[in-house]
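Down below is the structure, laid out as structure tokens.
The values are calculated or read from the model by the stated rules, or taken from the named source; none is laboratory data. Predicted model only: the values in this text are computed from it and were never measured. Heads up, the Cβs are rebuilt from the backbone with ideal geometry, glycines too, and the neighbour counts pull from every protein chain shown.
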Amino acid sequence: MTEPNLIEAAADEAVTLTSELIRIDTTNTGDPDTLVGERAAAEYVAEKLSEVGYEIHYVESGGRDRHNVIVRLPGADSSRGALLVHGHLDVVPADPAEWSVHPFSGAVEDGYVWGRGAVDMKDMVGMTLALARHYKRHGIVPPRDMIFAFLADEEAGGQFGAQWLVDHRPELFEGATEAISEVGGFSITLKDDVRAYLVETAERGIRWMTLRVRGTAGHGSMIHRDNAVTKLAEAVAKLGNHRFPLVLTDSVREFLAGVTEITGWDFPEDDIEGAVAKLGNISRMIGATLRDTANPTMLDAGYKSNVIPSVAEASVDCRILPGRLEAFDRELDELLGPDVEREWMELPPVETTFDGPIVDAMSAAITAEDPGARTLPYMLSAGTDAKAFQKLGIRNFGFAPLKLPADLDFSALFHGVDERVPVDALRFGTRVLDRFFRTA
């Protein structure tokens, strides 16, 4: 293992890097006219890696200021499959008027690093960047090759980041067999101060869908039987109020079984949602993996209050469980009928098993820093760049370890107001990742 004073220096640097990364505005609105782009953050990362001796692959993936940085650290046994560690540089928008600190301040106050991206996911970027620099600076050789990738556009589906790189530059990930990234490895406190660290082994598929209804345009003062806005409103209300069927996937069953083993709580299938509510703040995330969801998010129709438009559109965020795509489509057909047009951008579900040497290394790294803790698999209700990397046959996990206060509503921080990460959690995560990288 790394000498304690050296790894603590890397942990200190992880806090500094996270704060400095947050200060770089990388807002991704999904709209080319209003996004900021990742270029400044990519240049910052590239400079930090170059100054310790890495050969940089600095990839512009099209679009304005869309940049990615990839480096490879040779391991002791390059014949083994490489470990890919990836993180995205972009963040969702934030309104400073709603925050108690400026969202791009990177303030280190009250034991937290504050700002947009603190948990999604400049914390993981800061930790991995600090360790990549630490290994190169001190000549530390991991057991196998490591690929560090700092990516654009995850918040809009990765079309200028992971998806583009997989389609156009797959050689940058040659030999990678396993990968880790965001939204996993964080702790929840279950009972008697017993912590479980949730490792993401699955995530729902994404379908960002546009509904379109056509009608007859006309003057708003007259009687209209073919109003596109009315028909769209009816379709959106029907879809938004629909409850898709309960489905317990293998990863969810394994998570619930682990919680039962730790706590003794039962999760009967005839009241599974009521039982999941016992999990407290994390219940929103776990509860969202029990069913498919289709949440209307935006409406667009008309251009003047006294003109009935001929077209009305709605955006719907659909999340689909592994194995449910065909059934999901059948339900949409029944709900919406033939008159509602549908277009979408789709990314597939991700699922792997919670076993093997890599999982053993994760668990050992966690318990070395938090004796008595447990690791459990879980399904992420949202999505990550793992959806792109699974196309290369890479096995994906969410493992960005953080030891969190029991009363912190962690899931609410993602895309939320006053996003922040505990300083102690960053330091803990850096130590855990160091153990993991050196044994995985």
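For residue 123, indicate whether it is in the same structural domain as residue 83 (by TED's automatic domain parsing), surrounded by fewer than 18 Cβ atoms within 10 Å (Cβ to Cβ) and under 22 Å from the mean Cα position of the chain (by Cα). Against the criterion (in the same structural domain as residue 83 (by TED's automatic domain parsing), surrounded by fewer than 18 Cβ atoms within 10 Å (Cβ to Cβ) and under 22 Å from the mean Cα position of the chain (by Cα)), residue 123 does not qualify. Scanning segment 269-289 for residues that are of a type in the set (A, V, I, L, M) and under 18 Å from the mean Cα position of the chain (by Cα) yields a count of 4. Per the listing 297, 249, the residue uniquely hydroxyl-bearing (Ser, Thr, Tyr) and surrounded by 19 or more Cβ atoms within 10 Å (Cβ to Cβ) is 249.
Summed over segment 173-185, the residues that are at negative phi and touching a Phe, Trp or Tyr at 6+ places or on another chain (Cβ under 6 Å) give a count of 3.
Filtered by the rule that a residue be closer than 21 Å to residue 430 by Cβ and buried (at least 16 other Cβ atoms within 10 Å of the Cβ), segment 380-413 gives 384, 397, 398, 399, 400, 401, 402, 403, 404, 408, 410, 413. Taking the listed residues 342, 319, the one that is part of a strand (DSSP E or B), within 23 Å of the chain's Cα centre (by Cα) and charged (D, E, K, R) is 319, with no other qualifying. In segment 62-84, the residue that is nearest to the chain's Cα centre (by Cα) out of those that are under 23 Å from residue 34 (Cα atoms) and part of a loop (DSSP other than H, G, I, E, B) is 66. Check whether at least one residue in segment 392-409 is part of a helix (DSSP H, G or I) and either closer than 21 Å to residue 117 by Cα or not assigned by TED's automatic domain parsing to the domain that holds residue 98 (or both), and report yes or no. Checked segment 392-409: no residue is part of a helix (DSSP H, G or I) and either closer than 21 Å to residue 117 by Cα or not assigned by TED's automatic domain parsing to the domain that holds residue 98 (or both).
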